[in-house]
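Encoded as structure tokens, the structure appears first; notes follow it.
The values are calculated or read from the model by the stated rules, or taken from the named source; none is laboratory data. From a predicted model like this one, the values you see are computed outputs, not experimental measurements. As a convention, Cβ positions derive from the backbone with ideal geometry for all residues, glycine included, and neighbour counts pool all protein chains shown.
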Amino acid sequence: MNRLSTFLVTAAAATIAFAGTALAEISVTEPWARASAGMANAGAAFMMIHNSAAEDDTLVAATADVSKKVELHTHTMDNGVMKMREVEGGIPVPAHGMQALKPGSYHVMFMGLNAPLQEGSTFPVTLTFKSGQELTVDVQVKGVAHMPAGGMMNMDHEPKTMMKH
């Protein structure tokens, strides 16, 4: 191989390597879940998703071995009743911004827990984004009484409000 060929191969490899790292513009901070209460069959994970890219992205899926089923959920108010619903099309993460997954809003839902979520334990969750990036984060299980900064963050607490799943 001559010097020009060597240079072109090296430049192509560097370009491919750089393009691969361009996807790594999503990061996650503060991933946590609340410990299971009693014999609860479901749980949820919360976190901050940061997008440093110049383009919007979308969290389209999550996987974890702690439950039979994992879905992306949000809360909606329907005739005075708070309901949890699967998010159609994923959770948006704005360019140069962040999206909070928090109690009373977007969250990763675990249905059919294989075992209770124990305070002090951690478990991995893999997040998949529309951009193609996959990111595995370790979710820390906090006590049942754990409340993030800001309390329930926009959750309606009217006495007549009921939550349905």
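Taking the numbered list (1) assigned to a strand (DSSP E or B); (2) modelled with pLDDT under 95 in turn, G112 passes all entries but (2). Select from the range 94-109 the residues that are within 16 Å of W32 (Cα to Cα) and part of a loop (DSSP other than H, G, I, E, B) and list them in ascending order. Listed by number, the residues that qualify are K102, P103, G104, S105, Y106.
Within the range 65-115, the set of residues being among the small types (G, A, S), more than 26 Å from S131 (Cβ to Cβ) and over 15 Å from the mean Cα position of the chain (by Cα) comprises G80, G112, A115. Summed over the range 64-89, the residues that are crowded, with 16+ Cβ neighbours inside 10 Å, in a loop (DSSP other than H, G, I, E, B) and in contact (Cβ under 8 Å) with a residue 60 or more places away in the chain give a count of 1. Summed over the range 90-126, residues that are in contact (Cβ under 8 Å) with a residue 24 or more places away in the chain and either among the hydrophobic types (A, V, I, L, M, F, W, C) or at positive phi (or both) total 19. Once the range 13-41 is narrowed to residues that are β-branched (V, I, T) and at pLDDT 90 or above, the residue that is surrounded by the fewest Cβ atoms within 10 Å (Cβ to Cβ) is T29.
Taking the condition surrounded by fewer than 17 Cβ atoms within 10 Å (Cβ to Cβ) and at pLDDT 95 or above, does T122 pass? Yes; evaluated as a whole, the condition is true for this residue.
When the range 32-63 is filtered for residues that are assigned to a loop (DSSP other than H, G, I, E, B) and either in contact with an Asp or Glu (Cβ under 6 Å, 6 or more places away or on another chain) or of a type in the set (S, T, Y) (or both), the ones remaining, listed by number, are A35, S36, S52, A53.
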